[in-house]
Amino acid sequence: MAKINLLPWREEQRKQLTQQFVSRIFLCAALTAVVVFYGWYHIGTLIDYQNSRNRYLQQQIQTLQAQLQEIKELESTKERLLARMNVIQTLQTRRPQVVHLFHELASTLPDGVFLSGIKQSQNAVTLEGLAESNARVSAYMRNLDASSWLRSPKLELIEASQEEERISNFKLHLQQTTPKEEEELLRKKQEQQES
């Protein structure tokens, strides 16, 4: 029988298998390094893209906040202007009331009654004066109550003057109003101005 030594062949086959195994490990390690580097690079790119989107959104938010601040300022300016317009309209509507007040005070004043002071606060009017008798003050109050521009006369005090016996000092309060016809005209004027 022939003697065949298989040991060198097996040893050579083991060396080849070991070399193949090591080369495969290096290949797998290289592929793993490439995949890890690509993943790191790709994730970094995604993070940069998201950061740029976040910066864009922050810029847009700041722009919108500035616009909102401008809108708030415009709204407050609008409210101030509307308040001024309302004051002007109120003054415009009340302008003829002063003329009517003095006209009514003078036209309702009976003989023997003299006014020494007039005070007005909003629609409240306070009259102070002198009268020859209490009956004349009563007549004046009736005349004021019958007026369409004045209402609710209330006598606060009536007393005899210290200087003359037949003269009485009086003080009365009343309200200034606007007749319904005048209110209608004013309302129509305001509607026309608004439209």
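Once Rh for region 87-180 is found with the Kirkwood sum over Cα pairs, what is the Stokes-Einstein diffusion coefficient at 10 °C and 1.306 mPa s, in µm²/s? Reported coefficient: 115 µm²/s. Between Q19 and Q122, the contour length at 0.36 nm per residue exceeds the alpha carbon distance by 26.1 nm. Counting neighbouring Cβ atoms within 10 Å and putting the fewest first, the residues S52, S133, S168 line up as S52, S133, S168. For region 84-102, backbone nitrogen atoms closer than 16 Å to the point 7 Å from Q190 Cα along Cα-to-C-beta are found at 84-97. Full extension of the chain between T45 and R142 yields a length gain of 25.5 nm, computed as 0.36 nm times the residue separation minus the alpha carbon distance.
Helix 134-146 axis versus longest C-alpha principal axis of the chain: approximately 50°, rounded to the nearest ten. Quick check: the angle from helix 7-107's long axis to the longest principal axis of the chain, C-alpha only, nearest 10 degrees? That helix lies at roughly 10 degrees to the long axis.
The order of the peptides 55-64, 95-104 by mean Cβ neighbours within 10 Å, most packed first, is 95-104, 55-64. Among the lysines of the chain, pairs that are 8 or more positions apart or on different chains and have alpha carbons within less than 16 Å of each other number 5. Electrostatic tally near F21: other residues with Cβ closer than 12 Å to its Cβ, Lys and Arg +1, Asp and Glu -1, net +3. Among K72, K15, K119, which one moves the most in a GNM of the chain with springs linking Cα atoms closer than 10 Å? Result: K15 has the largest fluctuation of those listed. Full extension of the chain between K154 and R53 gives 28.8 nm of extra length, using 0.36 nm per residue less the Cα-Cα distance.
Give the dimensionless ratio obtained when the Cα radius of gyration of the chain is divided by 2.2 N^0.38 Å. Ratio of Rg to 2.2 N^0.38 Å for the chain: 3.11. Distance between the modelled labels on E75 and V35, one decimal in nanometres: 5.7 nm (7 Å Cα→Cβ projection).
For a Förster distance of 25 Å, can you work out the FRET efficiency between the beta-carbons of L64 and R84, rounded to the nearest 0.05? For R0 = 25 Å, the calculated efficiency reads 0.25.
Laboratory data are not the source of any read-out in this text; all were calculated from the coordinates shown. If you're wondering where the values come from, they're calculated on a predicted model, not measured in any experiment. No Cβ is skipped: glycine too gets one built from the backbone with ideal geometry, and neighbour counts run over all protein chains shown.
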